[in-house]
Amino acid sequence: MRHVNWERIVSVLLLAPSAIASAIFVYGFIGFTGFASLTKWNQLVPDFTLVGLGNYRGLFVHPRFQIDLRNTVVFTVLFLLSCLALGFLLAVLLDQRIRGEGVFRSIYLFPMAISLIVTGVVWRWLLNPGTPEGGSTGVNLLLESIGLGFLKWGWFTDPTVLYIRPESGIGQLLHRVGLGMFTSPNFGMSVAMVSVVLAATWQMSGYTMALYLAGLRSIPDELREAARVDGASELQILRHIIVPLLKPITLSAVIILGHISLKIYDLVVAMTGPGIGFSTDVPAYFMWETTFEGNRFARGASIATILLLMVAILIVPYLVSSTRREAQI
Amino acid sequence: MSKRTLFRLFLALTMLLLVGATVVSATPLPQAEVVYTVKLGDNLWTLAKKYLGSGTAWPAIMATTNQKNIADSTFAYITNADLIHPGWKLLIPSAEAAKTFLATYDRSKPELLFGKRAKGQLVIGSWWTAGGEAEGLAGMFRIYKTKYPDVEIVNATVAGGAGSVFKGVLKTRLIGGDPPDTFQLHAGLEVEGYSPEQYLKPLDDIYTAEGLEKAFPKDLLTLLKYKDHYWGVPVNIHRSNVLWYNKALFEKAGVQPPTTFDEFFAVCEALKAKGIPPYIMGTSGGWEATHVFEDVLAGTVGAEKYRGLWAGTTPWSDPGVTQALENFKRMVSYANADHPAIDWAGAAQYLVDGKGAMFIMGDWANGYFTSKAFTDYGWTSPPGTKGIFVALSDSFALTAKAPNPENARNWLAVCGSLEGQEAFNPQKGSICARTDCNPALFNAYLQSAMADWAKDAIVPSLAHGAAAYESWVSDVKDAINLFITTGDVASTQKALAAACVEAGICK
């Protein structure tokens, strides 16, 4: 056999180490976590007796985990909306070929270069509300001194949970149509989460702006020119030409920001902790505590698996569709 | 690059990887060890070649001589293998002994060359990274260093209040089979969380050798025993139930330190009427609320029932628990609104700044006040806990797979010794676990704590791992954290009862 394909062999050899490493350290460990979540390993010494889905059943009736799921959904929705809105707005403004665009772009993008831990600590100081007796601090003090004192509130120390009260009109309506379960605080929103969303948005909106800006720059000027010739207003151009053409960008942004927000941990640790009455608790935090403080390794593994599934639901369809598109090309 | 060249390159690389170690063979030579005096021109290599058959056997001469030096200082102590001086007395081992030594010799472990005195490392895990704690630990390190100067102490600390972060790191290392030699452990039932039969070594022999059973009080020994063994050597005792108050603010409002809950709430009202924030909490660390709750619980149900709650002899449905939850709820209603934003130290600072009058926290707060040069404070027991000492203690444990078990045992002896405890505790702001420490070394607060320690009923702290299993503590913490916002007494009591069942103590 003279005609051995050396190039192929070499490429396989070169790829083998990283393929093996990720097979073990990524997929192997995912598999192990999934397996551990089905076992009785709820003390330090591993116990691999299978208990089926018992750990998952326990989790979904656990009051703290229910709150965590609620918080994750609230955080993801608010964070995505605010990041996309703010990022898009900044990108459109920057796209007006203003003077000093580079400076502004760097300023907006810069927070992304900072670790979430730093962001968390700084925003924790900024949003510390102070006490009625000792006076306001941070942002509350700022609001007070510019005459907007009525806007100050407890930020992440406010334990209020907004939800549809069963006794309210909508609550009774829901009860009547058999959706009474939605009138519990577990389908509400803890207002303390707004503070975390604020910090996260500050960090990531610049990144969203960069994505949108790249998208805007790739829209050929001819399209706008043509629309203008047809008599479209700038607003109509935005609505009917730019926004639809930016759809792929929005999708990428949703995927990237979405998986960050589902897994969010460091920001919460540095900024608020689980919060009063778990108002800012997230599954990842509960996972850490239950695993390493409560020694419930199987339960921790279950939370990890649920997190993985949530992220997978977000990412897998995107991956599938993008591979298909590549295959078509 | 052609494909063939590339392939050859691969082949060459593979060959390189396969190159093994060189093999040294020795010819039979002298059977006994030889005392040799160095002459001009000698070096270890030539001596090894002459007496042991191969120059590569030089580490055997170095190690044997250094070992001899410890017992007999007329022999040389070689610190640099390339540098021996004429007139030095060396001890050359027998060929047999040299062979045995070389078989175990490992070039990556140079300490093998320096005799038994230099015994490598001592890896100590703790969460003492700041303030008086770190200084106290350094004090014990100094004592250890004077006794064992050649041991390198590796201080494997991980910051984070009450060890919340450290424990995660530690448990990963324990399960992974790479533990530190010794680590900080709350004395009491927390040890259950470490599965001691598997991951730790019982320390009964150290207790016997160092006479620790006589040095520690009986209540503490009971607390330390788990499954009939001692698993840790305690270095200190902290008191959880202390009510700190700002004297100036108390004077301003004309109130006296409260002793019962009724008095406490009356004092709160009086302070509030004067515009003084009556009661301060900081709960951002996640454990502080449970800490206060344990003191309220002990103060409401009393020492006997409190002990019973953890032993399964007092049911959690007891009306005393209901009352404790009510008391706690009312106490929280007087607390500063921003308590979720600050930790215990932040709350202590409110007391220092005169922004709050009362504060319930363990006696490490005393160390905080001292560090801020704040003196205008007083202390008493929180409502209902007069005569009760809610105790917690830091101890050090020995891991089963400790890489340096001998060094660790020496460390534990220092931890238990009078000298070690007197170096540690005044700095840390705690009292000695031993009963024979000199009170003159301690400040006024600690002296009062020492007096109480000797006469009060000692009950274990929950929030700091003494009273219950870690998983149980975790459940209680969750329940109390929810309770602060919901204020739902009935469901919280139910959750507490369920936690006891889950822990396997209640039925």
Within segment B:347-369, identify whether any single residue is surrounded by fewer than 20 Cβ atoms within 10 Å (Cβ to Cβ), outside any helix (DSSP H, G or I) and within 14 Å of another protein chain (Cβ to nearest Cβ), and answer yes or no.
-> yes
Consider A:GLY154 against the criteria (1) in contact (Cβ under 8 Å) with a residue 40 or more places away in the chain; (2) within 14 Å of chain B (Cβ to nearest Cβ); (3) not hydroxyl-bearing (Ser, Thr, Tyr): it satisfies all of them except one. Which criterion is unmet?
-> (1)
Assess whether A:ILE9 counts as being of a type in the set (A, V, I, L, M) and in contact (Cβ under 8 Å) with a residue 60 or more places away in the chain.
-> no
Evaluate segment B:188-195: report whether one residue or more is at positive phi and within 20 Å of the chain's Cα centre (by Cα).
-> yes
Considering every residue within segment A:68-90, establish whether at least one is in contact with a Gly (Cβ under 9 Å, 6 or more places away or on another chain), among the β-branched types (Val, Ile, Thr) and away from chain B (no Cβ under 14 Å).
-> yes
Single residue of B:ALA498, B:ALA503 found to be aliphatic (A, V, I, L, M), farther than 28 Å from B:PHE141 by Cα, within 14 Å of another protein chain (Cβ to nearest Cβ) and buried (at least 19 other Cβ atoms within 10 Å of the Cβ) = B:ALA503
Would a scan of segment A:94-111 turn up a residue that is away from chain B (no Cβ under 14 Å), under 19 Å from A:ALA253 (Cα atoms), in contact with a Lys or Arg (Cβ under 8 Å, 6 or more places away or on another chain) and buried (at least 19 other Cβ atoms within 10 Å of the Cβ)?
-> yes
Scan segment A:175-197 for residues that are away from every other protein chain (no Cβ under 12 Å), assigned to a helix (DSSP H, G or I) and either within 29 Å of A:SER82 (Cα to Cα) or of a type in the set (D, E, K, R) (or both) and report the count.
-> 10
In segment B:389-427, anything part of a strand (DSSP E or B) and closer than 23 Å to B:ASP452 by Cβ is listed as B:PHE389, B:VAL390, B:ALA391, B:LEU392, B:ASP394, B:SER395
May I ask you to list the residues in segment B:325-380 that are among the polar types (S, T, N, Q) and without any contact (Cβ under 8 Å) to a residue 12 or more places away in the chain?
-> B:SER333, B:THR375
Boolean, B:GLY384 is away from every other protein chain (no Cβ under 14 Å), assigned to a strand (DSSP E or B) and touching a Phe, Trp or Tyr at 6+ places or on another chain (Cβ under 9 Å) = no
Scope segment A:120-137; condition modelled with pLDDT of 85 or more and facing chain B (nearest Cβ under 9 Å); matching residues | A:ARG124, A:LEU127, A:ASN128, A:PRO129
So A:LEU223, is it closer than 30 Å to A:ALA199 by Cβ and assigned to a helix (DSSP H, G or I) | no
Out of all the residues in segment A:66-88, is one or more more than 24 Å from A:GLY275 (Cβ to Cβ), without any contact (Cβ under 8 Å) to a residue 12 or more places away in the chain and either exposed (fewer than 14 other Cβ atoms within 10 Å of the Cβ) or touching a strand residue (DSSP E or B) at 6+ places or on another chain (Cβ under 8 Å) (or both)?
-> yes
From A:LEU86, A:LEU151, residue being modelled with pLDDT of 90 or more and not hydroxyl-bearing (Ser, Thr, Tyr) = A:LEU86
Is there a residue being part of a helix (DSSP H, G or I) and β-branched (Val, Ile, Thr) anywhere in segment A:29-41?
-> yes
Can you tell me how many residues in segment A:280-306 are among the small types (Gly, Ala, Ser), more than 17 Å from the chain's Cα centre (by Cα) and either over 17 Å from A:VAL45 (Cβ atoms) or assigned to a helix (DSSP H, G or I) (or both)?
-> 4
Return the residue satisfying two criteria in turn: it lies in segment B:451-495 and is within 13 Å of chain A (Cβ to nearest Cβ), touching a residue at least 12 places away in the same chain (Cβ under 8 Å) and in contact with a Pro (Cβ under 7 Å, 6 or more places away or on another chain), and of such residues it is farthest from B:GLN184 (Cα to Cα).
-> B:LEU482
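This table checks each residue for (1) touching a strand residue (DSSP E or B) at 6+ places or on another chain (Cβ under 7 Å); (2) buried (at least 23 other Cβ atoms within 10 Å of the Cβ); (3) more than 13 Å from chain A (Cβ to nearest Cβ).
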{"residue": "B:SER108", "(1), (2), (3)": "no, no, yes"}
{"residue": "B:LEU122", "(1), (2), (3)": "yes, yes, yes"}
{"residue": "B:GLY132", "(1), (2), (3)": "no, no, yes"}
{"residue": "B:ILE143", "(1), (2), (3)": "no, no, yes"}
{"residue": "B:VAL158", "(1), (2), (3)": "no, no, no"}
{"residue": "B:SER164", "(1), (2), (3)": "no, no, no"}
{"residue": "B:GLY176", "(1), (2), (3)": "no, no, no"}
{"residue": "B:HIS186", "(1), (2), (3)": "yes, yes, no"}
Filter segment A:123-147 down to the residues that are in contact (Cβ under 8 Å) with a residue 12 or more places away in the chain and either out of contact with any Gly (no Cβ under 7 Å at 6 or more places or on another chain) or in a helix (DSSP H, G or I) (or both), then identify the one that is surrounded by the most Cβ atoms within 10 Å (Cβ to Cβ).
-> A:TRP123
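Residue-wise test of (1) closer than 30 Å to B:GLN121 by Cα; (2) modelled with pLDDT under 90; (3) among the basic types (Lys, Arg); (4) under 31 Å from the mean Cα position of the chain (by Cα).
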| position | (1), (2), (3), (4) |
| --- | --- |
| B:GLU326 | no, no, no, no |
| B:TRP379 | no, no, no, yes |
| B:LEU392 | yes, no, no, yes |
| B:LYS401 | yes, no, yes, yes |
| B:PHE424 | yes, no, no, yes |
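The values are calculated or read from the model by the stated rules, or taken from the named source; none is laboratory data. Since this is a predicted model, take the numbers as computed values, not measurements. In this analysis, Cβ positions are derived from the backbone assuming ideal geometry, glycine residues included, and neighbour counts consider all displayed protein chains.
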